Amino acid sequence: MLASPAYDVALILDKGQRDTQEDAISARVFDSASAGYVVIADGMGGHDAGEIASELVISAWCDIMDAQLDGPEPVEGDLLDALPIAAMQANTAVGDHGDEHRVKLGSTLLGILMLGQRVFWISIGDSPLYLFRDDRLTQINEDHSMAPAIDAKVAEGTLSSEEARAHPDRNQLTSVIMGGEIRQVDCPEKALNLVASDLLVLGSDGLQFLSDPEIEGLLRVHAQSPARDIADTLLQALKSKNDPGQDNIAIAVVKPAGT
């Protein structure tokens, strides 16, 4: 008897209003082990270099995680150790390519590992990981950019919400994969335990051309739809804005089996 799919996963990649695609995304589900992963990388470095950086990150991540999950009996401790190892491998790959070709390039990394109903993650940069639960949207990973510090000034009353959204340093990264020291890594040891009605949404920062309340409102309406329909709904909402500055878009939607 074939195992039932452990997760409903959908991926979308779109150039937005950019001339090139510097985001990359991949996923794999291992139904026999009730395990899987999703990884998103948002490259930077100008023409071609950003695309190369994100693909190097995705390739390094998949090589490490596939080697663990393709075994006959994956060991949980080894899988969890593989998260930082995959990030280090990606960092090395980007650094080596930059040194060899004398080009400066970098990328964010957001990767999740799903083991049954538990989710572990590692993130470097500003690609968001959202949990939609009980009709509420929460970003559960850290934002390694200047945005949190700028938003804190709104809470202090020293900046308006409009000034914060338009701040020129808002998207400046405080941690990134470039081959050197990685200043901040978000990789909690404690898992997120999913319940049947949960949704996970992963994205590059291009998804955040929709505000959190806008994303939450769309998910409230479409939460019972298949993952592919939810992902497409988010993409169409971004396209309907017709924002001339729309960045590349990478979106993954994950639903536990049975939702």
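Computed quantities for the displayed model
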read-out	value
Residue list for segment 190-215, restricted to those being surrounded by fewer than 17 Cβ atoms within 10 Å (Cβ to Cβ), among the acidic types (Asp, Glu) and touching a residue at least 40 places away in the same chain (Cβ under 8 Å)	ASP212
Answer from ARG170, ARG165, ARG118, ARG183 - the residue that is of a type outside the set (A, V, I, L, M, F, W, C), surrounded by fewer than 20 Cβ atoms within 10 Å (Cβ to Cβ) and within 26 Å of LEU11 (Cβ to Cβ)	ARG118
Hits in segment 220-247 (condition: hydroxyl-bearing (Ser, Thr, Tyr) and touching a His at 6+ places or on another chain (Cβ under 9 Å))	THR233
Out of ILE64, ILE52, sole residue that is under 18 Å from LEU13 (Cα atoms), without any contact (Cβ under 8 Å) to a residue 60 or more places away in the chain and not acidic (Asp, Glu)	ILE52
Residue within segment 114-129 that is among the acidic types (Asp, Glu) and either in contact with a helix residue (DSSP H, G or I) (Cβ under 9 Å, 6 or more places away or on another chain) or more than 23 Å from GLN21 (Cα to Cα) (or both) present	yes
Qualifying residues in segment 238-256 (those that are in contact with a Phe, Trp or Tyr (Cβ under 9 Å, 6 or more places away or on another chain) and surrounded by 16 or more Cβ atoms within 10 Å (Cβ to Cβ)) - the one nearest to ALA41 (Cα to Cα)	ILE249
Residues of segment 82-116 that turn out to be β-branched (Val, Ile, Thr) and either under 17 Å from the mean Cα position of the chain (by Cα) or within 24 Å of VAL29 (Cα to Cα) (or both), as a count	3
Yes/no for GLY111 being within 25 Å of GLY46 (Cβ to Cβ), in contact (Cβ under 8 Å) with a residue 60 or more places away in the chain and part of a helix (DSSP H, G or I)	no
Pick from segment 129-177, criterion touching a residue at least 24 places away in the same chain (Cβ under 8 Å) and polar (S, T, N, Q), ranking: farthest from MET44 (Cα to Cα)	GLN139
Residue list for segment 114-142, filter: within 27 Å of ALA49 (Cβ to Cβ) and not in a loop (DSSP other than H, G, I, E, B)	TRP121, ILE122, SER123, ILE124, LEU129
Flag for ALA27 being assigned to a strand (DSSP E or B), at pLDDT 95 or above, over 23 Å from MET178 (Cβ atoms) and small (Gly, Ala, Ser)	yes
Residue among ILE12, ILE85, ILE40 that is surrounded by fewer than 21 Cβ atoms within 10 Å (Cβ to Cβ), under 20 Å from ILE182 (Cα atoms), modelled with pLDDT of 95 or more and among the hydrophobic types (A, V, I, L, M, F, W, C)	ILE85
Verdict on SER160 being out of contact with any Ser or Thr (no Cβ under 6 Å at 6 or more places or on another chain), farther than 30 Å from ASP232 by Cβ, buried (at least 17 other Cβ atoms within 10 Å of the Cβ) and among the small types (Gly, Ala, Ser)	no
Matching entry among ILE52, ILE25, ILE58 (being over 26 Å from LEU200 (Cα atoms) and of a type in the set (Val, Ile, Thr))	ILE52
Search result, residues across segment 230-259 that are over 23 Å from THR108 (Cβ atoms) and of a type in the set (Asp, Glu)	ASP232
Residues within segment 143-197 that are under 29 Å from LYS255 (Cβ atoms), outside any loop (DSSP other than H, G, I, E, B) and among the basic types (Lys, Arg), tallied	0
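Residues checked against (1) of a type in the set (Asp, Glu); (2) closer than 19 Å to LYS190 by Cα; (3) outside any helix (DSSP H, G or I):
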site: GLY36; (1), (2), (3): no, yes, yes
site: GLU51; (1), (2), (3): yes, no, no
site: ILE58; (1), (2), (3): no, no, no
site: TRP61; (1), (2), (3): no, no, no
site: GLY77; (1), (2), (3): no, yes, no
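The values are calculated or read from the model by the stated rules, or taken from the named source; none is laboratory data. As the structure is a prediction and not an experimental result, all values here were calculated from the model. Note that we place each Cβ from the backbone using ideal geometry, even for glycine, and neighbour counts take in every protein chain shown.
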